[in-house]
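Notes follow the structure.
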């Protein structure tokens, strides 16, 4: 799995797709609700920031493995992810329940 | 998007008196009930793990060391850690939601699950389930 340096272009496209999801889709922000969405099998894609605490990260990844849901490791910290969501607070993890008009679910796990 | 909190799933209880104990989901109530408006499930778990049996042990000692003490509990999903393991022991007829209402029903259900757990332990399958979680 070559992570390498994520090109600026793909990073921006993730941000664009996230913005579209925020506008038109359903999502939840935060560790507690991410786990809740995974347990109820509502979450379709999980995005985790790069400075999410390792225990939380592992827990979410394990739940996602059980639920067979893709996890995307966002190339930025929780401040950046919060900004990408258009919020004025930090977001360490978020779960996309309904992508709305966005094609984030089809395109992003493929990139990973 | 696969539901994984299903019957026969092995879980670890995280909170309460039985925290750190392994249990198996017998029945799950995803949308809750009127008394418990949250997702919860009925689990049957191990209160006291069986001890380590060595080759030197006599038959009497092996029998004593292989005893399993069980508990039956209704637990919120939030207080469980699901694992990738399953334990297909048929407990549906033994453990029912109403068996927690009276003490003697609970005791008979626990005794029956104890029997089933012990016979599963003796076959040597599902070894992970019967080993104590070290933490």
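The values are calculated or read from the model by the stated rules, or taken from the named source; none is laboratory data. Given the structure is predicted, the values throughout are model-derived calculations rather than measurements. A quick note on method: Cβ atoms are made from the backbone with ideal geometry, for glycine too, and the neighbour counts reach across all protein chains shown.
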**Prompt:** How many of the residues in the range B:64-98 are free of Cβ contacts under 8 Å to residues at least 60 places away in the same chain and within 19 Å of residue B:118 (Cβ to Cβ)?
**Reply:** 11
**Item:** Residues located in the range B:1-20, provided they are within 14 Å of chain A (Cβ to nearest Cβ) and farther than 18 Å from residue B:125 by Cα
**Value:** B:1, B:2, B:3, B:4, B:5, B:6, B:12, B:14
**Item:** Verdict on residue B:32 being surrounded by fewer than 14 Cβ atoms within 10 Å (Cβ to Cβ) and closer than 23 Å to residue A:34 by Cα
**Value:** yes
**Request:** For residue B:50, indicate whether it is surrounded by fewer than 16 Cβ atoms within 10 Å (Cβ to Cβ) and touching a residue at least 24 places away in the same chain (Cβ under 8 Å).
**Result:** no
**Message:** If a residue must be more than 14 Å from chain A (Cβ to nearest Cβ) and part of a strand (DSSP E or B), how many such residues does the range B:21-44 contain?
**Reply:** 8
**Asked** Can you tell me how many residues in the range B:45-78 are within 14 Å of another protein chain (Cβ to nearest Cβ) and within 23 Å of residue B:99 (Cβ to Cβ)?
**Response** 3
**Message:** Taking the criterion of being more than 14 Å from chain A (Cβ to nearest Cβ) and not in a loop (DSSP other than H, G, I, E, B), would at least one residue in the range B:79-97 satisfy it?
**Reply:** yes
**Request:** Could you check how many residues of the range A:76-93 are surrounded by 14 or more Cβ atoms within 10 Å (Cβ to Cβ) and either over 13 Å from residue A:52 (Cβ atoms) or in contact with a strand residue (DSSP E or B) (Cβ under 9 Å, 6 or more places away or on another chain) (or both)?
**Result:** 9
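This table checks each residue for (1) modelled with pLDDT of 95 or more; (2) within 26 Å of residue B:81 (Cβ to Cβ).
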position: A:31; (1), (2): yes, yes
position: A:35; (1), (2): yes, yes
position: A:43; (1), (2): no, yes
position: A:57; (1), (2): yes, yes
position: A:76; (1), (2): no, no
position: A:88; (1), (2): yes, no
position: A:104; (1), (2): no, no
position: A:111; (1), (2): no, no
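Just checking: which of the helices (runs of 4 or more DSSP H) contained wholly in the range A:1-100 hold 2 or more residues that are under 27 Å from residue B:9 (Cα atoms) and in contact (Cβ under 8 Å) with a residue 60 or more places away in the chain? Spell out how you get there, then give the answer.
Details: elements: A:8-24, A:31-39, A:54-67, A:78-84.
Ranges flagged: A:31-39.
Working only within the range B:52-77, note down all residues that are part of a helix (DSSP H, G or I) and either at pLDDT below 90 or more than 18 Å from the chain's Cα centre (by Cα) (or both).
Correct list: B:59, B:60, B:61, B:62, B:63, B:64, B:65.
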**Message:** I need a count of the residues in the range B:107-131 that are in contact with a helix residue (DSSP H, G or I) (Cβ under 6 Å, 6 or more places away or on another chain) and more than 19 Å from residue B:49 (Cβ to Cβ).
**Reply:** 1
**Request:** Check whether at least one residue in the range B:96-112 is exposed (fewer than 14 other Cβ atoms within 10 Å of the Cβ), under 16 Å from the mean Cα position of the chain (by Cα) and at pLDDT below 90, and report yes or no.
**Result:** yes
**Request:** Being crowded, with 16+ Cβ neighbours inside 10 Å and within 14 Å of chain B (Cβ to nearest Cβ) narrows it down to one of A:47, A:14, A:96, so name that one.
**Result:** A:96
